[in-house]
């Protein structure tokens, strides 16, 4: 005995599948937009933080430079001897290679 599909049942299944596929497509598009928005927000936040960290690092480096200059002016002979010692150590290391 051959089984025959009801044409209206087949059409309603086809319509349901099409509707589900369309809904899935819309969901994927919304998910993509949400992901893009989150990525943009994250990048903006990182840019802001990177700028702040850069400026803080720059300020610390400038403070360190001023402090070093003061120490050199206070003890110039000690600074020269330290620099000479560092030069000797680095020269010895480079000559070994």
(request) Only one of these is loosely packed, with under 10 Cβ neighbours inside 10 Å and modelled with pLDDT of 90 or more: 74, 25. Name it. (result) 74
(request) Taking residue 92 as the residue in question, decide whether it is exposed (fewer than 10 other Cβ atoms within 10 Å of the Cβ) and either part of a helix (DSSP H, G or I) or out of contact with any strand residue (DSSP E or B) (no Cβ under 6 Å at 6 or more places or on another chain) (or both). (result) yes
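The values are calculated or read from the model by the stated rules, or taken from the named source; none is laboratory data. Bear in mind that the values here come from a model prediction, so they are computed numbers and not experimental data. In this analysis, Cβ positions are derived from the backbone assuming ideal geometry, glycine residues included, and neighbour counts consider all displayed protein chains.
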